[in-house]
Amino acid sequence: MDFFIQLLVNGICIGLLYGISAMGFVMIFKASSVINFAHGELLAIGAFLFLTIVTWAGLPVYAAFLLTLVGSFALGFIVERLFLRPLIGEPLIEVIMLTVGLASMFKGLMLFIWGGNLYTFPDFLPEEFAIQWGVVHVPPVYLTAMLIGILFLIMFGLFFKYSSQGIFMRSVADNQSAALSLGVHVKRVFALSWGIAALVAAMSGIVLGLINGINVHELSSVGLKVFPVVILGGLDSIGGAVVGGILIGLLETFTGGYLSTSLKDVLPYIVLVVILLVKPYGLFGLVEIERV
Amino acid sequence: MFKKLRFHPCGNFKENYEEELKVFSTDFGRAWSIVGLLVLFIVVPFASGPYILYIFNMIGIAAIAAVGLNILVGFTGQISLGHGAFLGVGAYSAAVLATRFEMPFWAAVPVAGLITAFAGLIFGLPSLRLKGLYLTISTLAGQFIIEYLLVHWEDITRGTMGITLPAASIFGVDIVGDRMFFFVIFLCLAAVVWAAVNLMRTKYGRALVAIRDNDRAAEGMGIPIFRYKLLSFAISSCYAGFAGGLWAYYMISITSEPFNLLLSVEYIAMIIIGGLGSIAGSIYGAVFITVLNEGLRWGTDVIMNMNIFPEIGLTIAPVREFVFGLAIVLFILFEPKGLAEVWRIVRSNFRLWPFSY
């Protein structure tokens with residue numbers, strides 16, 4: 001029973017992280033209906049940026065965190081500007097294959113710079129963060145993950161509900177040409193959504209790096225794990241991303257705990273295929289009805 | 001045969017559908033194709049050494065699979081990120097058929113193609129019901145699930161040990177060495193290209209193109225979209241499986257290692273570089289990527305041996321990954337129709353010279 005509760009807590013924390021990284025993905029999909037295959041690489045770049053700033057430049061953790069967020073926002077912005085903006089109006093299939101190419105390019109570049117080794121962050125989270133409920137031990141990293149997850153969920157909720165940029169984004173997601181005719185700067189919305197997505201990805205990359213250590217292959221494969229999460233939650237629902245993330249996280253930790261660790265990595269994809277078969281628009285996705 | 005030579009007209013003067021459907025628009029095209037085939041089968045295998053023949057064979061196998069992927073991506077407008085894994089399914093099917101059921105070479109490879117087509121249907125079935133590019137996500141899942149099965153379904157695939165195949169033979173003639181395989185692989189490639197070119201001239205091929213261009217209009221004209229997309233995916237997987245079977249026999253022993261996501265990306269790169277929606281383009285892409293691969297291997301070896309940066313452990317994997325990604329990105333941004341389009345432009349510049357406008 002103790003083992004079960006421990007797995008439950010771990011699963012929820014990991015799942016929240018998956019949820020957060022999926023949020024960025026959903027954001028890009030909602031704004032520009034681009035399926036971003038380079039999301040995992042954005043995640044890894046964020047983590048490595050943080051690592052480099054902390055260990056080599058020796059800046060304090062909070063400054064490094066802020067710098068990383070700013071840096072990855074800029075990166076997302078630049079990627080949109082350089083690679084995606086020229087393709088506005090081109091067939092979607094080309095844009096998606098472009099993100100596949102970007103993913104491969106970024107991954108090669110990261111492997112070139114940092115190699116395939118496993119790095120760890122210096123331990124900076126205070127031990128008081130840990131929670132001890134009887135036998136269940138929640139390490140500080142998991143608590144941080146949970147806090148950050150909830151914080152970002154609230155922030156996104158407020159952003160989309162009240163800020164003008166958030167409302168622009170929702171309008172573009174709803175109907176691009178209508179938004180354009182009402183004076184929404186659609187290109188800026190695209191750029192902003194890439195920037196925010198990269199920022200969110202970097203943050204989840206940092207926290208995931210705190211849990212498992214940072215490794216190019218590991219982190220970019222987390223980016224692909226976003227797909228089961230968003231298909232489960234519904235491709236265009238931010239809340240769904242969080243719920244889907246938690247479900248996938250739980251599923252993964254329970255299979256890892258009770259069945260086998262090698263099955264753990266592939267089970268989310270089996271779930272993905274099953275979900276596509278029985279509930280193709282996910283739990284919270286918008287069902288598109290089209291009649292010919 | 002050349003009683004009335006047909007040249008390229010300076011405009012579009014086609015009067016009926018038969019003219020539109022012609023494979024060769026001029027007799028020169030037909031003649032050059034025959035000359036090319038003769039050179040390929042008579043001169044190349046005897047004029048080149050084993051290393052060059054090895055590269056040719058790899059190009060041939062890659063081209064078969066790339067033609068298949070292009071039918072799906074270029075002609076039907078669906079992306080598959082699992083082509084590498086389907087190649088693996090084909091390779092393992094051929095290996096298992098050859099070792100367990102002692103099937104002869106000429107039967108094992110086509111049956112491997114059929115098995116792979118069936119495996120493709122499993123992943124195509126859920127995703128193709130939806131509109132949009134869900135097949136991409138589903139095939140990504142397929143890639144990981146198949147990779148897992150290849151390693152962990154040990155009863156059949158023998159896990160990480162791999163399988164060693166018996167020597168291939170057709171009607172009592174043993175196929176050993178690069179030169180014998182050259183003939184087998186390129187005869188298969190010729191047959192497969194012939195099939196693909198002609199498939200695109202039938203009602204099925206036109207239906208696929210219609211779905212790519214506008215699926216709503218296609219459905220309105222009475223094309224059952226779901227069935228045709230599934231058909232296209234099955235054909236594409238079948239090509240991959242066929243190529244995989246040849247690969248298994250050519251490599252003699254196979255492991256699950258090469259059939260990873262990077263291989264799938266490599267195939268995507270091939271068809272983008274070669275040209276989406278062009279059968280010839282798939283072959284150009286296969287040539288480009290295979291030669292690039294060998295060039296990179298050679299280049300990294302040279303740099304390693306020169307010992308300029310001894311502290312950097314330069315390995316080929318990241319460089320390959322980076323270069324493939326860069327090639328995909330650059331081609332999509334600057335020449336989305338690929339090398340086939342470059343070739344067309346060069347040709348028409350020559351044809352229209354000196355007034356090429």
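Do you know which residues across the range B:327-357 are in a helix (DSSP H, G or I) and of a type in the set (Phe, Trp, Tyr)?
Correct list: B:PHE331, B:PHE334, B:TRP343, B:PHE350.
Of the conditions (1) under 14 Å from B:SER264 (Cα atoms); (2) within 14 Å of another protein chain (Cβ to nearest Cβ), B:LEU121 clears all except one; give me its number.
It fails just one condition, (1).
Give me the residue from the range A:94-122 that is facing chain B (nearest Cβ under 7 Å) and β-branched (Val, Ile, Thr) and, out of that set, farthest from B:VAL73 (Cα to Cα).
Step by step, filter the range A:94-122, then rank; the result is A:VAL100.
Out of the residues in the range B:194-216 that are small (Gly, Ala, Ser) and over 14 Å from B:ALA280 (Cα atoms), which is nearest to the chain's Cα centre (by Cα)?
B:GLY205
B:VAL302: away from chain A (no Cβ under 13 Å), surrounded by fewer than 17 Cβ atoms within 10 Å (Cβ to Cβ), in contact with an Asp or Glu (Cβ under 7 Å, 6 or more places away or on another chain) and assigned to a helix (DSSP H, G or I), yes or no?
Spelling it out, it is not the case that B:VAL302 is away from chain A (no Cβ under 13 Å), surrounded by fewer than 17 Cβ atoms within 10 Å (Cβ to Cβ), in contact with an Asp or Glu (Cβ under 7 Å, 6 or more places away or on another chain) and assigned to a helix (DSSP H, G or I).
Can you pull out the helices (runs of 4 or more DSSP H) entirely within the range B:173-247 that have at least 2 residues that are modelled with pLDDT of 85 or more and touching a Lys or Arg at 6+ places or on another chain (Cβ under 7 Å)?
none
Between a first residue in the range A:217-231 that is at pLDDT below 85 and a second residue that is among the charged types (D, E, K, R), which pairs have beta carbons less than 8 Å apart while being 6 or more apart in sequence or on different chains?
Pairs found: A:SER220/A:GLU41; A:SER220/A:LYS107; A:SER221/A:ASP265; A:GLY223/A:GLU41.
Starting from residues that are crowded, with 19+ Cβ neighbours inside 10 Å and farther than 25 Å from B:ASN214 by Cβ, keep the ones in the range A:78-93 and report whichever is nearest to the other protein chains (Cβ to nearest Cβ).
Checked the range A:78-93; the qualifying residue nearest to the other protein chains (Cβ to nearest Cβ) is A:PHE83.
Every residue in the range A:215-224 that is over 11 Å from the mean Cα position of the chain (by Cα) and buried (at least 24 other Cβ atoms within 10 Å of the Cβ), please.
A:VAL216
Of everything in the range B:46-68, what is small (Gly, Ala, Ser) and within 17 Å of B:GLY285 (Cβ to Cβ)? Give them in sequence order.
The answer is B:GLY60, B:ALA62, B:ALA63, B:ALA65, B:ALA66, B:GLY68.
Spot the failing condition for A:GLY213; the list is (1) in contact with a Ser or Thr (Cβ under 7 Å, 6 or more places away or on another chain); (2) closer than 19 Å to A:GLY15 by Cβ, and only one is missed.
(2)
Results for (1) over 21 Å from the mean Cα position of the chain (by Cα); (2) loosely packed, with under 14 Cβ neighbours inside 10 Å; (3) among the aliphatic types (A, V, I, L, M), shown as yes or no for each residue.
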site: B:GLU102; (1), (2), (3): yes, yes, no
site: B:ALA119; (1), (2), (3): no, no, yes
site: B:GLY142; (1), (2), (3): no, no, no
site: B:ILE145; (1), (2), (3): yes, no, yes
site: B:ARG158; (1), (2), (3): yes, no, no
site: B:MET161; (1), (2), (3): yes, yes, yes
site: B:GLY177; (1), (2), (3): yes, yes, no
site: B:LEU189; (1), (2), (3): no, no, yes
site: B:VAL192; (1), (2), (3): no, no, yes
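From the set of residues in the range B:125-136 that are in contact (Cβ under 8 Å) with a residue 12 or more places away in the chain and within 8 Å of chain A (Cβ to nearest Cβ), which is nearest to B:GLY77 (Cα to Cα)?
B:LEU133
Within the range A:236-243, can one find any residue that is within 26 Å of A:PRO140 (Cβ to Cβ) and surrounded by fewer than 24 Cβ atoms within 10 Å (Cβ to Cβ)?
Scanning the range A:236-243, I find at least one residue that is within 26 Å of A:PRO140 (Cβ to Cβ) and surrounded by fewer than 24 Cβ atoms within 10 Å (Cβ to Cβ), so the answer is yes.
With A:LEU247, A:LEU263, A:LEU251, A:LEU272 as the choices, which residue is farther than 16 Å from A:ILE20 by Cβ, crowded, with 20+ Cβ neighbours inside 10 Å and either modelled with pLDDT of 80 or more or facing another protein chain (nearest Cβ under 8 Å) (or both)?
A:LEU272
Test A:THR68 against the criterion of being away from chain B (no Cβ under 14 Å), crowded, with 19+ Cβ neighbours inside 10 Å and of a type in the set (Ser, Thr, Tyr), and give yes or no.
Yes, satisfied.
Condition test on A:PHE29, is it aromatic (Phe, Trp, Tyr) and in contact with a strand residue (DSSP E or B) (Cβ under 9 Å, 6 or more places away or on another chain)?
Here the answer is no, as A:PHE29 does not meet what is asked.
Can we say B:GLN78 is crowded, with 24+ Cβ neighbours inside 10 Å, of a type outside the set (Val, Ile, Thr) and not in a helix (DSSP H, G or I)?
In short, yes.
Do the conditions hold for B:ALA269, that is, is it in contact with a Phe, Trp or Tyr (Cβ under 9 Å, 6 or more places away or on another chain), within 28 Å of B:PHE322 (Cα to Cα) and hydrophobic (A, V, I, L, M, F, W, C)?
Judged against the criteria, B:ALA269 is a match.
The values are calculated or read from the model by the stated rules, or taken from the named source; none is laboratory data. All of these numbers come straight from a predicted model, not from anything done at the bench. Every residue, glycine among them, receives a Cβ derived from its backbone with ideal geometry; neighbour counts consider all protein chains shown.
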